[in-house]
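One structure is given here, and the rest of the page talks about it.
The values are calculated or read from the model by the stated rules, or taken from the named source; none is laboratory data. Please read all numbers here as calculations on a predicted model, not as lab measurements. Ideal geometry is used to build each Cβ from the backbone, glycine not excepted, and the neighbour counts take in all protein chains shown.
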Amino acid sequence: MVCITMLSAEELEQHIRDGIPIAVQMAFKVNDLQPNSIAVIGGGSEYINVHGTAFAGSLYTICTLALWGLVTSRLPDEATLVLAQAEIRYRQPIVGNIQAQCMITQDRMDRFLSVQISANPIQCCDQVLHH
């Protein structure tokens, strides 16, 4: 029997901060967690490039943590998630904290959770907000 216990925003944030050290360094925070969406924030003035905007690697990290967090929060208790491939397109420079939102339809999440193979792609919306 598969047991799925959805984590709270606080539990997920702590799980990420405990297991992924860069999340602590980047002041990563889960602002909101719903069954099919997540809103996160992180980065800040320490992770900027020569132009004074968010470093591309910082944007990538916060977006990756959002997607990984959303899916992880819905996985069966004994499951693990490994990100094998990802790509990102940067739309505009970000000044200040990086805010990211990730959403997945219930149908797509159900299909992902029902498949028992090791490679199963999920696409996350590519909306990054700036503050």
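Go through region 17-48 and give me each residue that's farther than 24 Å from V95 by Cα and either in a helix (DSSP H, G or I) or acidic (D, E) (or both). Within region 17-48, D18, G19 qualify.
In this entry, A86 is excluded by the filter for residues that are surrounded by 10 or more Cβ atoms within 10 Å (Cβ to Cβ), at negative phi, at pLDDT below 80 and in a loop (DSSP other than H, G, I, E, B).
You will find that of T61, T53, the residue that is within 17 Å of P21 (Cα to Cα) and among the β-branched types (V, I, T) is T61 and no other. Run down G69, G57 and say which single residue is in contact (Cβ under 8 Å) with a residue 12 or more places away in the chain and not hydrophobic (A, V, I, L, M, F, W, C). Step by step, each of G69, G57 is checked, and only G69 is in contact (Cβ under 8 Å) with a residue 12 or more places away in the chain and not hydrophobic (A, V, I, L, M, F, W, C).
The residues of region 5-16 that are in a loop (DSSP other than H, G, I, E, B) and within 12 Å of T72 (Cβ to Cβ), listed by number, are T5, M6, L7. Restricting region 28-45 to residues that are free of Cβ contacts under 8 Å to residues at least 60 places away in the same chain and small (G, A, S), the residue that is surrounded by the most Cβ atoms within 10 Å (Cβ to Cβ) is G42. Please determine whether any residue of region 74-82 is assigned to a loop (DSSP other than H, G, I, E, B), modelled with pLDDT under 95, more than 30 Å from D107 (Cβ to Cβ) and charged (D, E, K, R). Within region 74-82 (the criterion being assigned to a loop (DSSP other than H, G, I, E, B), modelled with pLDDT under 95, more than 30 Å from D107 (Cβ to Cβ) and charged (D, E, K, R)), the answer is no, since none of the residues qualifies.
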